[in-house]
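The values are calculated or read from the model by the stated rules, or taken from the named source; none is laboratory data. Since the structure is predicted, the reported quantities are computational estimates derived from the model, not experimental observations. Cβ placement follows ideal geometry from the backbone for every residue including glycine, while neighbour counts extend to all protein chains displayed.
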Amino acid sequence: MNFLAHLVLAEDNAQARVGNLLGDFCHGVDISTLPPAVYAGLLRHRAIDRFTDAASEVRAAKALFSAQRRRFAPVMVDVLFDHFLLLHWQRFDQRPYAPLCQQIYQDLWQQRAMMPPAMAATVTSIVQHDWFASYRSLADIGLALDRIAGRIRFANQFCGSIAEIRLHYGELNQLFLQFYPQLQAYVRQLGPEQTALAASTASG
């Protein structure tokens with residue numbers, strides 16, 4: 001899952017949200033120095049990623065893309081699933097979206113000092129440019145994917161991937177609708193993040 005889903009599935013506090021986002025930026029970070037709530041959020045991020053990668057619906061979504069873009073399918077699906085989450089928000093979350101999004105932005109902004117540089121830079125861009133609002137537009141999803149393609153340091157055919165998304169949009173939407181309730185149930189099964197942290201500490 002991409003940034004929005006991880007943040008929405010996090011517990012409702014600033015450090016948990018930082019931890020749930022940190023999973024995409026923790027290369028080189030000494031996780032043993034993290035505050036307990038941040039570390040607990042990181043554990044949830046990793047659990048969500050494992051569940052997502054193993055899901056048959058997610059594998060089916062990735063398989064829809066052409067061979068020339070298949071290696072980038074995980075990125076495409078992650079970003080697109082945030083689009084579908086917004087599209088179907090009221091179906092999956094009882095919280096009003098606008099105030100929740102503003103609270104997420106505020107929490108991340110206030111915690112930038114504790115983030116690794118790449119994460120702090122991304123969070124600054126997310127907040128200042130209201131990334132999540134742009135996820136509603138399929139055209140903006142295409143632009144976001146093209147920006148990612150532009151940062152890849154080897155020759156690739158990732159750019160223009162929105163054409164394939166449009167081609168398979170209905171199927172991808174249905175796969176998301178099948179998958180996301182399963183992910184929500186899995187997260188509920190995980191229980192509170194602090195419980196997961198205690199279990200991890202005890203087993204370690």
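Of the set (1) more than 20 Å from A10 (Cβ to Cβ); (2) part of a helix (DSSP H, G or I); (3) touching a residue at least 60 places away in the same chain (Cβ under 8 Å), all apply to G28 but (2). Under 8 Å between Cβ atoms, which residue pairs at least 6 apart in sequence (or on different chains) link something in segment 134-149 that is on the phi > 0 side of the Ramachandran plot and loosely packed, with under 14 Cβ neighbours inside 10 Å with a partner that is of a type in the set (V, I, T) and not in a helix (DSSP H, G or I)? Note: no pairs meet the criteria. Within segment 27-63, being among the aliphatic types (A, V, I, L, M), closer than 27 Å to R151 by Cα and buried (at least 18 other Cβ atoms within 10 Å of the Cβ) holds for L42, I48, V58, A61. The number of residues in segment 31-58 that are outside any helix (DSSP H, G or I) and farther than 30 Å from L177 by Cβ comes to 2. Any idea which residue in segment 192-204 is modelled with the highest pLDDT, counting only those that are surrounded by 12 or more Cβ atoms within 10 Å (Cβ to Cβ) and not hydroxyl-bearing (S, T, Y)? So, considering only residues that are surrounded by 12 or more Cβ atoms within 10 Å (Cβ to Cβ) and not hydroxyl-bearing (S, T, Y), the one modelled with the highest pLDDT is P192.
Within the option set R59, R71, being modelled with pLDDT of 95 or more, farther than 14 Å from M1 by Cβ and among the basic types (K, R) holds for one residue only, R59. Considering only residues in segment 64-76 that are over 18 Å from R151 (Cβ atoms) and among the aliphatic types (A, V, I, L, M), the one that is nearest to the chain's Cα centre (by Cα) turns out to be L64.
When segment 7-19 is filtered for residues that are assigned to a helix (DSSP H, G or I) and in contact with an Asp or Glu (Cβ under 8 Å, 6 or more places away or on another chain), the ones remaining, listed by number, are V8, A14, A16, R17, V18, G19.
Within segment 64-77, being surrounded by fewer than 22 Cβ atoms within 10 Å (Cβ to Cβ) and in a helix (DSSP H, G or I) holds for R70, R71, F72, A73, P74, V75. Scan segment 48-66 and report the pairs whose first residue is free of Cβ contacts under 8 Å to residues at least 60 places away in the same chain and under 19 Å from Q174 (Cβ atoms) and whose second residue is surrounded by 12 or more Cβ atoms within 10 Å (Cβ to Cβ) and among the small types (G, A, S), with Cβ atoms within less than 7 Å and a gap of 6+ or a chain change. Close Cβ pairs (under 7 Å, with a partner that is surrounded by 12 or more Cβ atoms within 10 Å (Cβ to Cβ) and among the small types (G, A, S)) amount to K62/A73.
Restricting attention to segment 79-102, the residues being closer than 19 Å to V18 by Cβ and touching a residue at least 12 places away in the same chain (Cβ under 8 Å) number 3.
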